[in-house]
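These notes concern the structure reproduced below.
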Amino acid sequence: MAKIIVVTSGKGGVGKTTTSAAFATGLALRGYQTVVIDFDVGLRNLDLVMGCERRVVYDFVNVINGEGSLNQALIKDRRVENLYVLPASQTRDKDALTLKGVARVLEALKKRFEYIVCDSPAGIEHGAIMAMYFADEALVVTNPEVSSVRDSDRIIGMLASKTRRAVQNMPPIKEYLLLTRYIDKRVDRGDMLSSKDVGEILAIPMLGIIPESPTVLQASNAGIPITLDNNSEAGVAYLEVVARFLGEEPPKRPKKSIFKWFSSTKN
């Protein structure tokens, strides 16, 4: 049965689109039929990170409005089998997303894909609500700084109250925490919150910690999901996140201090 996963966070710049691309690519690399949808109508960045911006002809809003078919809008990734992108419109406004229209597209996608990853826009407005409304599971992405954690706490509250599962008295969305842009030295100096602090404040299961790395920006600029870079510590960390999401414990590698707290919580 298909699962809808929203990648969300109240604050911009925390790595939602990078995470959406990396996570969807990781699932596809494991053999799952996967599609990643850009809900950031009016801005549209997922196609750049996925390296398919020149192939966008029809988009999510075109499909909702009946101006193009789903087959016309879906872009098949050229590097990874089983991976597709549904881009956002760059010329419309977020109000173009309607519950009825989004539901119709998601129902069609569920017939073809095992995982549907929804890349949420920043903030708590209409676009973010549309991205999370139909979710079964959520990756809450946050940086180790007070403002990011506070915004993520607000998003967790919305997942529990503003989604279809909440409205229809269904079992709650399964939430996971993903801590990005983590720098050990800054944590040691007290410039950043520790992973333990963030985990205690937000109180949802920690799926992984992604270290700050220049390879993330380099990959994004090149239009390559970071999970395709086997030499990137961040790329490896994202692959481990996918493994944990699938219920596996990744093979142990030499521990760096950013992983110490995460490892201790598993014991």
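Data for the structure
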{"item": "³J(HN,Hα) computed for each position of region 35-48 - Karplus, 6.51 cos²θ - 1.76 cosθ + 1.60, integer Hz, glycine/proline x", "result": "10, 10, 10, 8, 9, 8, 5, x, 10, 6, 10, 4, 4, 5"}
{"item": "Across 11/185; 76/162; 16/196; 11/111; 76/196, pairs whose alpha-carbon gap is larger than 28 Å", "result": "76/162; 11/111; 76/196"}
{"item": "Sequence-distant residues sharing a close amide H with residue 180 (under 5 Å, placed H)", "result": "142, 143, 210"}
{"item": "Cβ-based net charge around residue 175, under 12 Å, with every Lys or Arg adding one and every Asp or Glu removing one", "result": "-1"}
{"item": "Aspartates and glutamates whose Cα lies under 13 Å from that of residue 110, excluding same-chain neighbours fewer than 8 positions away", "result": "136"}
{"item": "Amide H contacts of residue 3 (H built 1.01 Å from N, under 5 Å, at least 5 apart or other chain)", "result": "115, 116"}
{"item": "GNM top mover of 227, 215, 180 - the chain, alpha-carbon springs below 10 Å", "result": "215"}
{"item": "Overall dimensions of the chain by Cα: Rg and Dmax, Å", "result": "17.5, 54"}
{"item": "DSSP-defined beta bridges in the chain - what % are antiparallel, rounded to 5", "result": "5 percent"}
{"item": "Charge tally in the Cβ shell below 9 Å around residue 201, where Lys, Arg are +1 and Asp, Glu are -1, residue 201 excluded", "result": "-2"}
{"item": "Electrostatic dipole magnitude of the chain [Cβ: Lys, Arg +1; Asp, Glu -1; Cα centre; debye, to 20]", "result": "400 debye"}
{"item": "Unit Cα scatterers, Debye sum, region 145-194: log10 I(q)/I(0) for q = 0.19 Å⁻¹", "result": "-0.70"}
{"item": "Sequence-separation-based contact order of region 3-246, relative, with Cα cut under 8 Å and 6+ spacing, percent", "result": "26 percent"}
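Bear in mind these aren't lab numbers, they're just calculated from the coordinates by the rules spelled out. These figures come from a predicted structure and were not determined experimentally. Positions of Cβ are generated from backbone atoms using ideal geometry, with glycine treated the same way; all protein chains shown enter the neighbour counts.
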